[in-house]
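One structure below.
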Amino acid sequence: MAPDVLELFTDLVAIKSPPGEEREVADRVTLYLRELGLEVDEDGAGAEVGSTAGNLYCRVEGTGEDGVPLFLCAHLDTVPPDGEIEPVVEEGTVRNSAGTILGADNKSAVAAMLDATRRVVEERRPHAGLELLFTPKEEVGLLGAAAFDHARLRARIGYVYDQAAPIGEVILGAPYSQSMEVRFHGRASHSGMYPEEGRSAIAAAARAIADLRLGRVDEDSTANVGLIRGGTAANIVPEWCTFVAEARSHDERKLADLVQEMLDAVTFAAGVGECEVETRVEKSYRGYRFRRDDLAVRLAAEALRQRGHEPTYALSGGAADANVFNEHGLACVNLANGMRAIHTPDESIAVADLEEMVEVTLALVDAARDGAAAGDHDP
């Protein structure tokens, strides 16, 4: 007998899978699907993105010609745990008793999607076609999803469950993002004997950072400096200093302006400090925005209402694999699934929410099956 969603979830989270080390959990997911009689294909993305596992892809053929095929995606990696993961159920909530992350992000979604697929198969539930995708290295840049061959997906509408909020929240948009690596090159000298001969790369970097607008820049945009390193010893004027920053915005033009403003601040600081500076700016991911009347959103709202949840709508400040699919022309909506305090030792999820997301998934399948009959078509 297949495990219920709670048992499956606790089995999965007990397997450590930081980015790049998803092999064991990928094997567990593959075994589960093959025991349902389904074929699972693993692509070569692991070698491409630096992981022990590639993307897992599984197709459940539809039972009829009507309806809208769906794909469901969840990522196999978690942020790196600082210790052991020992899931326990306390007062109806799953927590980690060992003082680090639980891994509900995103194994609660993995478990719900797997258990819902089991029920579709075992109950011979009518559906328009269902595809499953499980990705590696989402937490470090959506790398697995980006490496997947999106032409393999027959469905044009999909869902991820990767928002830490109460069930019922539908994410209508996520930001665009760019990363920036800045490297200052000064001149080393003895800080006690010949300080005037030195050019401090750290001082130049500090001036640049002090001039940046960080945090919430406006209602659409944020910026952050998350890493800085430089210098060799306390008695040497530092020759090198590097920092890594990012900027995000729901408005692509605002993002371009913010990045240019940051680059101007860096250039000015280098000039004042008499240092050279190198900058590298890269796209992290593209943003997206849905309307409430888009089919993918309407199907989600219908499924949620069927389960007694009145939909609420929000924008996310973070990214998910949905960003990648939307960039490739696939309508992928991120749905909240009840995760709490993700990426912290207080991370948890209620058993009732785990079970409810199985029912929401089945309701999505039903809504998509009936979608074409109501006059809806793929985007």
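The values are calculated or read from the model by the stated rules, or taken from the named source; none is laboratory data. From a predicted model like this one, the values you see are computed outputs, not experimental measurements. Using ideal geometry, Cβ is built from the backbone for each residue, glycine included, and neighbour counts are taken over all protein chains shown. Surface accessibility is based on the protein's heavy atoms, side chains included, excluding ligands, DNA and RNA. Shrake-Rupley method; radii C 1.70, N 1.55, O 1.52, S 1.80 Å.
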- Message: Among the residues in the stretch 186-202, are any without any contact (Cβ under 8 Å) to a residue 40 or more places away in the chain, surrounded by 18 or more Cβ atoms within 10 Å (Cβ to Cβ), farther than 30 Å from residue 51 by Cα and of a type in the set (A, V, I, L, M, F, W, C)?
- Response: yes
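Yes/no matrix, rows are residues, columns are (1) under 21 Å from residue 130 (Cβ atoms); (2) open to solvent by less than 10 Å² (accessible area, probe 1.4 Å); (3) not charged (D, E, K, R):
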{"position": "16", "(1), (2), (3)": "no, no, no"}
{"position": "44", "(1), (2), (3)": "no, no, yes"}
{"position": "51", "(1), (2), (3)": "no, no, yes"}
{"position": "65", "(1), (2), (3)": "yes, no, no"}
{"position": "71", "(1), (2), (3)": "yes, yes, yes"}
- Item | Neighbours by Cβ (under 6 Å, 6+ apart or cross-chain): first from the stretch 275-286, more than 11 Å from residue 182 (Cα to Cα); second of a type in the set (Gly, Ala, Ser) and in a loop (DSSP other than H, G, I, E, B) | 275/186; 285/319
- The correct count of residues that are farther than 22 Å from residue 153 by Cβ, among the β-branched types (Val, Ile, Thr) and buried (at least 19 other Cβ atoms within 10 Å of the Cβ) in the stretch 288-331 is 0
- Query: If you go through the stretch 313-326 one residue at a time, do you hit one that is in contact with a Ser or Thr (Cβ under 8 Å, 6 or more places away or on another chain), in contact (Cβ under 8 Å) with a residue 40 or more places away in the chain and closer than 25 Å to residue 129 by Cβ?
  - Reply: yes
- Output the number of residues of the stretch 110-131 satisfying the condition of being in a strand (DSSP E or B) and surrounded by 24 or more Cβ atoms within 10 Å (Cβ to Cβ). 1
- Task: Considering (1) open to solvent by 60 Å² or more (accessible area, probe 1.4 Å); (2) modelled with pLDDT under 95, say which one residue 90 fails and leave the rest.
- Result: (2)
- Query: Quick one: which of 210, 223 is in a helix (DSSP H, G or I) and of a type in the set (Gly, Ala, Ser)?
  - Reply: 210
- Task: May I ask you to list the residues in the stretch 66-88 that are aliphatic (A, V, I, L, M) and touching a strand residue (DSSP E or B) at 6+ places or on another chain (Cβ under 8 Å)?
- Result: 68, 70, 72, 74, 76, 85, 88
